[in-house]
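Quick notes on the structure that follows.
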Amino acid sequence: MADTPAITDRNLEATTNISLKREPACFAFLSPRSISPPMPIDSINLDLASADYFGGRASLWAALEMRSSVSDERPTAILGFDETFLRPFARALIEAATTRAAYRMSILQESRTAERCRVVEYVTGPGKALEELMLQPFDNVVLISAAKGKDGDETLFQLPRTDTFLRAFAKMAYVADQALHDLLDDMERLARQRKPAVSP
């Protein structure tokens, strides 16, 4: 009997796209140390960058991408993260936007000695690890910054604060979170199937 496909392909880029063209103007690359001049955000989406099974554990890496007319709509990653990020970030964004109060989101690492980062930003370099995000609401947008402790906050990008965007973002986060965790389950199942039987 021929083997059936073990893992279903999940096209996050196509299923998570949100247009911002009718939303209040939002920009990325706002830090003085940004690797690019400020760019208007015309749309955002999530993209699955990698999925691995190593050391008895399934893991994956996804990216929050933006597209802008000034860069010919090429996808540009602004955040990279593992499967633990989407749920708390969506909650933080909704709470900051609806309560109009700044929200400080801590990013818990697996351990102090762990080499694997949970969240990185691509605004100021090729993957700078983040330990805390600050979400600051204003009239029309929520400002997303990297909290740097005594060094203050480093502005990364903005997202709209409108009801329509929050609903769309919550739906996107839900769909992507389900897809990512389903993928992890598939990878764990496949690993168990391929694991050689232990002789008595």
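Structure above, values below:
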quantity	calculated
Candidates Asp47, Asp82, Asp72, ranked by Gaussian network fluctuation over the chain, Cα under 10 Å, top entry	Asp72
5 angstrom amide H check on Ala49, placed H, neighbours 5+ away	Trp61, Ala62, Ala63
Calculated P(r) tail over 24 Å for the range 22-133, as whole % of Cα pairs	31
Rule-of-thumb Rg ratio for the range 116-186 [Cα; 2.2 N^0.38 Å; N residues]	1.32
Sites Ala14 and Lys148 - FRET efficiency at Förster radius 41 Å, r taken between beta-carbons, to 0.05	0.70
Glu131-Glu95 pseudo-label distance in nm [points 7 Å out on the Cα-to-Cβ vector]	2.0
GNM top mover of Gly127, Gly80, Gly149 - the chain, alpha-carbon springs below 10 Å	Gly149
Cα centroid of the range 27-102 to Cα centroid of the range 115-142, whole Å	8
Nearest 10 degrees, 0 to 90: helix 86-99 Cα axis against the chain principal axis	30
P(r) weight above 20 Å for the chain, C-alpha pairs, percent	59
Assigned charges on the beta-carbon of Lys, Arg, Asp, Glu; the range 45-153 dipole about Cα centre (debye)	280
Paramagnetic reach from Phe54 in the range 121-145 [backbone N under 19 Å; point 7 Å along Cα→Cβ]	121, 126-130
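FYI, it's all coordinate maths here, none of it is from the lab. Predicted, not measured: the structure shown is a model, and the values here were computed from it. All Cβ positions, glycine included, derive from the backbone under ideal geometry; neighbour counts span all protein chains shown.
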